[in-house]
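What follows is one structure encoded as structure tokens, with my remarks underneath.
What follows draws every value from the coordinates through simple rules; no lab data is involved. A quick note: this is a predicted structure, and the numbers were derived from the prediction, not measured. So basically every Cβ, Gly included, is an ideal-geometry build from the backbone, and we count neighbours across all protein chains shown.
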């Protein structure tokens, strides 16, 4: 504790608290700031207006696109690739991660192959994907699933390995079988890792899906961006790029909400809730 | 004792049993995995191909003005008259189309002549079945031009010696035709430097002075000329009038096994090419369907030239130039490459 409270001259009013925008408005203020910047810079010529239209024109074009069926078809195609890529990666990586993580022998044996295959960037596999799967949905899903698989595998492995050994020992001394220990102790403790892994993998899946569409030409937002580019339609191109960013943001928000709901029972969530005012 | 202890453990969690949740989740995930795999991996369909039977053809194209006749033909029903359903597959570049045709993913593809000559010389079993698009007959109608800055240091072709020229693909048709055009103007082409820039980025590269000249096609020629650029040389026209720039092709095996289908496609395609040549307004309209060229631009661009004549002599010229400029070692057999 400090010593005497800071003295306030008698008669002086308490110093007024500096006016500060409320916390919830801060992100919005920065968004408005960035938008204003990208409106002004092209108009004053700092950015070439032909190659970077003012953001108001881009947003107007985006609103126009929202009314076209073609746009929503593209969004649907992208989401289809995203969902399949993430889904396939999840159903493969999570069980495999649990199995490998639970067995010290497997973990030590497979660590080297995993560390070797993991850093391979999915985009480097694009020529392989085209040769094997063609230029459609299957290629897209393969690339997205490949990238997400490693993300989720590592997340699951860490989650399983990070189980509190005291809890496992307690369960063992209560006479829980190996399977029971797995379902009752290890998995619940690994769930936050897996949930975070899924959320990050969702972003990875979206990136790879759009990249595949951009480079391979599979139908979706990435292909629409390239079409706009090939036609010299710069406004439409930027509008679609904005759309992909917004899509990523929305997907992330959905996952964060879902995480909070599904993991309400987990001690980590409860502690986090207590910590925030 | 064990059971009550476990039950006590349960009750401290407020009655929830995460273990049961997990078991359910794993079973559901397994079922989902099977469903996903079945859906994602099970769409191989092969088409009829027998004489007279309605057939679906996947045709690999690039979203450029050159393939407007194909879309016009679909719209006007020429392909339907031949019992053909065309599914145009928009690829990102010619490089993606040839492997897809060779592997059977597409039945027919659209590719520039040089790429097909290179493929043939490497032993790939490709065969040209129909005319695709031609360079113009004369300079006024040229749709591919070498652009330079209006107020730049390059005022005539010989100023390009030692400078950098942008082409969309290295060692391909733009490089070959620009070298020929410049050589004819007395330029020492050995001093030229080529760099690869995608068409949409060429005007920006020119303005930023990253390149000194750019080999551009529509709609970027009009875009550039409306901005800071001017056309110096129509490189397709200067190589040869009515140069066969790109054609439709298929693999030899596919043609041998589906002679009737290919005949029908060629017949409908020729009608489409003639229709497109005679009805430029319809061509400009259909551009808006499959490209994102803005409507104002579609009105103003110089349309490519279409015809049913394959102009094999121009293909011969391109073949000779490919050998001359080192793209291929020896000329492929043009009788093998071109159908009939």
Fluctuation leader among B:129, B:255, B:317 - chain B, Gaussian network, Cα springs under 10 angstrom: B:317
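Quick one: compute the contact order of segment A:103-223, relative version, from alpha carbon pairs under 8 angstrom and 6+ residues apart, as a percent. Intermediate results must be reported in sequence, preceding the final value.
Details: 110 pairs, mean separation 40.1, N = 121.
Averaging sequence separation for qualifying contacts and normalising by length gives 33 percent for segment A:103-223.
Express the C-alpha Rg of segment B:219-335 as a ratio against the empirical globular expectation 2.2 N^0.38 Å, rounded to two decimals. Could the numbers behind the result be given before it?
Details: Rg = 17.6 Å, N = 117, 2.2 N^0.38 = 13.4 Å.
With N residues counted in segment B:219-335, Rg over 2.2 N^0.38 Å equals 1.31.
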Order of B:284, A:43, A:261 under a 10 Å beta carbon neighbour criterion, fewest first: A:261, A:43, B:284
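Take every Cα-Cα pair in segment A:72-264 and report what % of them are more than 24 Å apart.
That tail contains 47 percent of the Cα-Cα pairs.
Rg/Rh for segment B:139-239 to two decimals, with Rh computed the Kirkwood way over all alpha-carbon pairs.
Numbers: Rg = 11.7 Å, Rh = 12.9 Å.
Rg/Rh for segment B:139-239 comes to 0.91.
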Among B:262, B:102, B:323: highest mean-square fluctuation, GNM of chain B, C-alpha pairs under 10 Å: B:323
Difference of contour (0.36 nm per residue) and Cα-Cα distance, residue A:47 to residue A:254: 71.0 nm
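Using only Cα atoms, what is the ratio of the radius of gyration of chain B to 2.2 N^0.38 Å?
Numbers: Rg = 26.7 Å, N = 340, 2.2 N^0.38 = 20.2 Å.
After normalising by residue count via 2.2 N^0.38 Å, the value is 1.32.
What value, in deg cm²/dmol to 500, does the helix sum -39500 (n - 2.57) over DSSP H runs of n ≥ 4 give at 222 nm once divided by the residues of the protein assembly as shown?
Values: 28 runs with 363 residues, N = 617.
Estimated from H runs of four or more residues: -18500 deg cm²/dmol.
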log₁₀ of I(q)/I(0) at q = 0.24 Å⁻¹ - segment A:128-218, Debye sum with one point per alpha carbon: -1.04
Residue of B:214, B:246, B:297 that the Gaussian network model of chain B assigns the largest fluctuation, springs spanning Cα pairs under 10 Å: B:297
Sorted by Cβ density within 10 Å, fewest first, the residues A:63, A:71: A:63, A:71
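Below 8 Å between Cα atoms, with a sequence gap of 6+, how large is the relative contact order for segment B:169-254 in percent?
Dividing the mean separation by the residue count of segment B:169-254 yields 33 percent.
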Percent RCO, i.e. relative contact order, over chain B, from Cα pairs under 8 Å lying at least 6 residues apart: 25
Full-extension gain in nm, residue B:208 to residue B:312, via 0.36 nm per residue minus C-alpha separation: 33.5 nm
Alpha-carbon Rg with Dmax, taken over the protein assembly as shown, Å: 31.0, 107
Footprinting exposure proxy for B:117, A:128 (fewest neighbouring C-beta atoms within 10 Å first): A:128, B:117
